[in-house]
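Trainee: Please read through the structure below; I'll follow up with questions.
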Amino acid sequence: MANTYSALKRVRQTERRTEVNRKNKTRLRHHIRAMRRALTAKDAKVASALLPQTFSVIDRSAKIGIIKMNTAARYKSKLHSRVKALAA
(Lines give C-alpha, C1' and ligand atoms only; values in the text may rest on other atoms or scores of the structure.)
Protein backbone atom coordinates (compact mmCIF):
# COMPACT_ATOMS: atom_id res chain seq x y z
CA MET A 1 0.00 0.00 0.00
CA ALA A 2 1.10 3.55 -0.68
CA ASN A 3 2.66 5.38 2.25
CA THR A 4 3.16 8.97 1.13
CA TYR A 5 0.47 11.55 0.46
CA SER A 6 1.53 11.90 -3.15
CA ALA A 7 1.37 8.13 -3.69
CA LEU A 8 -2.10 8.01 -2.14
CA LYS A 9 -3.19 10.83 -4.43
CA ARG A 10 -1.81 8.98 -7.45
CA VAL A 11 -3.85 5.93 -6.46
CA ARG A 12 -7.02 8.05 -6.32
CA GLN A 13 -6.28 9.70 -9.65
CA THR A 14 -5.53 6.38 -11.30
CA GLU A 15 -8.83 4.92 -10.14
CA ARG A 16 -10.74 7.88 -11.58
CA ARG A 17 -8.88 7.81 -14.89
CA THR A 18 -9.31 4.04 -15.18
CA GLU A 19 -13.07 4.44 -14.79
CA VAL A 20 -13.20 7.17 -17.45
CA ASN A 21 -11.04 5.15 -19.85
CA ARG A 22 -13.17 2.05 -19.32
CA LYS A 23 -16.35 4.00 -20.04
CA ASN A 24 -14.90 5.54 -23.21
CA LYS A 25 -13.58 2.24 -24.49
CA THR A 26 -16.93 0.58 -23.87
CA ARG A 27 -18.72 3.38 -25.75
CA LEU A 28 -16.32 2.91 -28.67
CA ARG A 29 -16.85 -0.85 -28.77
CA HIS A 30 -20.63 -0.46 -28.65
CA HIS A 31 -20.66 1.96 -31.58
CA ILE A 32 -18.39 -0.23 -33.70
CA ARG A 33 -20.49 -3.29 -32.80
CA ALA A 34 -23.70 -1.50 -33.82
CA MET A 35 -22.13 -0.52 -37.14
CA ARG A 36 -20.99 -4.08 -37.81
CA ARG A 37 -24.46 -5.41 -36.98
CA ALA A 38 -26.05 -2.97 -39.42
CA LEU A 39 -23.55 -3.99 -42.10
CA THR A 40 -24.13 -7.69 -41.46
CA ALA A 41 -27.90 -7.16 -41.66
CA LYS A 42 -27.31 -5.35 -44.98
CA ASP A 43 -29.27 -2.34 -43.76
CA ALA A 44 -27.75 0.49 -45.79
CA LYS A 45 -29.98 3.22 -44.36
CA VAL A 46 -29.13 2.43 -40.73
CA ALA A 47 -25.45 1.95 -41.54
CA SER A 48 -25.15 5.29 -43.31
CA ALA A 49 -27.01 6.99 -40.44
CA LEU A 50 -24.67 5.46 -37.86
CA LEU A 51 -21.50 6.24 -39.81
CA PRO A 52 -20.98 9.90 -38.73
CA GLN A 53 -21.72 9.10 -35.09
CA THR A 54 -19.33 6.17 -35.13
CA PHE A 55 -16.61 8.23 -36.82
CA SER A 56 -17.04 10.90 -34.16
CA VAL A 57 -16.63 8.38 -31.34
CA ILE A 58 -13.60 6.82 -33.06
CA ASP A 59 -11.95 10.23 -33.55
CA ARG A 60 -12.57 11.26 -29.94
CA SER A 61 -11.19 7.95 -28.69
CA ALA A 62 -8.04 8.42 -30.74
CA LYS A 63 -7.70 12.03 -29.58
CA ILE A 64 -7.79 11.13 -25.88
CA GLY A 65 -5.59 8.07 -26.29
CA ILE A 66 -8.04 5.19 -25.91
CA ILE A 67 -6.85 3.87 -29.28
CA LYS A 68 -3.96 4.92 -31.50
CA MET A 69 -4.40 7.20 -34.51
CA ASN A 70 -3.55 4.48 -37.03
CA THR A 71 -6.03 2.11 -35.40
CA ALA A 72 -8.71 4.79 -35.67
CA ALA A 73 -7.87 5.36 -39.32
CA ARG A 74 -8.03 1.62 -39.98
CA TYR A 75 -11.44 1.29 -38.29
CA LYS A 76 -12.83 4.24 -40.23
CA SER A 77 -11.45 3.01 -43.54
CA LYS A 78 -12.85 -0.51 -43.12
CA LEU A 79 -16.28 0.71 -42.01
CA HIS A 80 -16.51 3.33 -44.73
CA SER A 81 -15.55 0.91 -47.50
CA ARG A 82 -18.12 -1.61 -46.26
CA VAL A 83 -20.86 1.06 -46.17
CA LYS A 84 -19.98 2.19 -49.71
CA ALA A 85 -20.04 -1.42 -50.94
CA LEU A 86 -23.41 -1.95 -49.28
CA ALA A 87 -24.88 1.21 -50.83
CA ALA A 88 -23.69 0.26 -54.31
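Trainee: If you roll a 1.4 Å probe over the heavy atoms of the protein chains, what accessible area per residue do you get for the chain, in Å²? Before the final figure, lay out each step's value.
Mentor: Working: 6630 Å² over 88 residues.
That works out to 75 Å² per residue.
Trainee: To test your reading of the geometry: what angle, between 0 and 90 degrees and rounded to tens, separates the Cα axis of helix 5-40 from the longest principal axis of the chain?
Mentor: Around 10 degrees separate the two axes.
Trainee: Still on this structure: Taking the Cα centre of each part, how many Å lie between the stretch 1-49 and the stretch 59-88?
Mentor: One Cα centre to the other: 16 Å.
Trainee: With semi-axes √(5λ) of the Cα gyration tensor in Å in mind, check (i) 29, 18, 11; (ii) 20, 16, 11; (iii) 37, 12, 8 and report the label derived from this structure.
Mentor: Only one option fits the structure, namely (iii).
Trainee: Working from Cα positions, state the angle (0 to 90°, nearest 10) between the long axis of helix 69-87 and the longest principal axis of the chain.
Mentor: Once rounded, one gets 20 degrees.
Trainee: Could you order H30, H80 by accessible surface area, starting with the largest, using a probe radius of 1.4 Å?
Mentor: H30, H80
Trainee: Keeping all protein chains in position, work out how much accessible area L50 exposes to a 1.4 Å probe, and write it in Å² to the nearest 10.
Mentor: 40
Trainee: Additional query: Subtracting the Cα-Cα distance from 0.36 nm times the residue separation, let me have the gained length for R37 to K78 in nm, one decimal.
Mentor: Between R37 and K78, full extension yields an extra 13.4 nm.
Trainee: Let me ask something else about it. Report I64's accessible area, 1.4 Å probe, all protein chains in place, as a number in Å² to the nearest 10.
Mentor: Its accessible surface works out to 100 Å², give or take rounding.
Trainee: As a test question: what accessible area, to the nearest 10 Å², does R74 have when a 1.4 Å probe is rolled over all protein chains in place?
Mentor: Surface accessible to solvent at R74 totals approximately 120 Å².
Trainee: Any chance you could give the angle, 0 to 90 degrees and rounded to 10, that helix 44-64 forms with the longest Cα principal axis of the chain?
Mentor: With both axes taken from Cα atoms, the answer is about 30 degrees.
Trainee: Roll a 1.4 angstrom probe over the protein heavy atoms and tell me the percent of accessible area of the chain that is carbon or sulfur.
Mentor: 54
The values are calculated or read from the model by the stated rules, or taken from the named source; none is laboratory data. In this text, all values refer to a predicted model and were calculated from it rather than measured experimentally. What goes into the accessible areas is simple: the full protein's heavy atoms, side chains included, and nothing from ligands, DNA or RNA. Shrake-Rupley method; radii C 1.70, N 1.55, O 1.52, S 1.80 Å.
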